[in-house]
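The values are calculated or read from the model by the stated rules, or taken from the named source; none is laboratory data. Small disclaimer: the values here were computed from a predicted structure and weren't measured. We place every Cβ from the backbone using ideal geometry, glycine too, and count neighbours over all the protein chains shown.
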Amino acid sequence: MNDIKEILSKYKKIAMIGVSNDPTKASTIVMKYMQKYGFKVFPINPKATGQKILGEEVFEKITDIKDQVDIVDVFRPSKEALGIAEDTIKIRAKVLWLQLGIRNEEAKLLVESNNIYYVEDKCTKMEYQKHFLKMRQAFPVLQE
């Protein structure tokens, strides 16, 4: 199963690393969107630990989450991906997902050797729209 549609159909719990308190930031927009479509999102932001972002408690790191995490969704620089990949293995997540513009060959090899799916340079929101809503644009008008 290396199909994005299958990943987004099957896995509904996302740890989102790099979510911001700023509602205009891409990470926060993506989190809000994924919540709207039924995903449970755990925001990860060391600077906002203990606060709430979009109604969810913020964690310092993914290893602090007590619940099962399916997808680790990364909004951090590529150089941080290897450390995140190591934590992804520790928490037994199913997918390491690096957002647009983020790639790391070492992280890819590490998670794949541990039977974890690897997605790079793709946006969860845009992929969800493409596969489930048949929309292509990055930020359609928010219906609120």
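Test residue 88 against the stated conditions and say whether it is more than 23 Å from residue 3 (Cβ to Cβ) and not small (Gly, Ala, Ser). Reasoning before the result, please.
Values: more than 23 Å from residue 3 (Cβ to Cβ): no; not small (Gly, Ala, Ser): yes.
So residue 88 does not fit the description; no.
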- Residue check, residue 100 against (1) under 21 Å from residue 128 (Cβ atoms); (2) out of contact with any Cys (no Cβ under 8 Å at 6 or more places or on another chain); (3) of a type in the set (A, V, I, L, M), all met but one. Which one? (2)
- State all residues of segment 95-107 that are at negative phi and surrounded by fewer than 19 Cβ atoms within 10 Å (Cβ to Cβ); if no residue qualifies, say none. 100, 103, 105, 106
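Just to check your reading of the model, which residue among 63, 88 is assigned to a helix (DSSP H, G or I) and either out of contact with any Leu (no Cβ under 9 Å at 6 or more places or on another chain) or among the small types (Gly, Ala, Ser) (or both)? I'd like the intermediate steps shown before the answer.
Details: 88 fails: either out of contact with any Leu (no Cβ under 9 Å at 6 or more places or on another chain) or among the small types (Gly, Ala, Ser) (or both).
Selected residue: 63, the only one of 63, 88 that is assigned to a helix (DSSP H, G or I) and either out of contact with any Leu (no Cβ under 9 Å at 6 or more places or on another chain) or among the small types (Gly, Ala, Ser) (or both).
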- When you go through 90, 61 one by one, which is the residue that is crowded, with 16+ Cβ neighbours inside 10 Å and farther than 19 Å from residue 125 by Cβ? 61
- Identity of the residue in segment 1-53, of a type in the set (Val, Ile, Thr) and without any contact (Cβ under 8 Å) to a residue 60 or more places away in the chain, that ends up farthest from residue 87 (Cα to Cα): 24
- Query: Within the set of pairs 6 or more residues apart or between chains, which connect a residue that is under 15 Å from residue 101 (Cβ atoms) inside segment 111-134 to a residue that is of a type in the set (A, V, I, L, M) and assigned to a loop (DSSP other than H, G, I, E, B) with Cβ atoms less than 7 Å apart?
  - Reply: 120/102; 121/100; 121/102; 122/100; 123/100; 126/138
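Here is a yes/no grid of residues against (1) more than 14 Å from the chain's Cα centre (by Cα); (2) among the aliphatic types (A, V, I, L, M); (3) part of a helix (DSSP H, G or I):
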position: 15; (1), (2), (3): no, yes, no
position: 20; (1), (2), (3): no, no, no
position: 27; (1), (2), (3): no, no, yes
position: 33; (1), (2), (3): no, no, yes
position: 50; (1), (2), (3): yes, no, no
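Pick from 83, 38, 50: which is at pLDDT 95 or above, surrounded by fewer than 16 Cβ atoms within 10 Å (Cβ to Cβ), at positive phi and not β-branched (Val, Ile, Thr)? Talk me through it step by step, then tell me what you get.
Details: 83 fails: at positive phi; 50 fails: at pLDDT 95 or above.
When all the criteria are applied, what remains is 38.
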- Message: Residue under question is residue 122, and the condition is that it be touching a helix residue (DSSP H, G or I) at 6+ places or on another chain (Cβ under 9 Å) and farther than 22 Å from residue 20 by Cβ; does it hold?
- Response: no
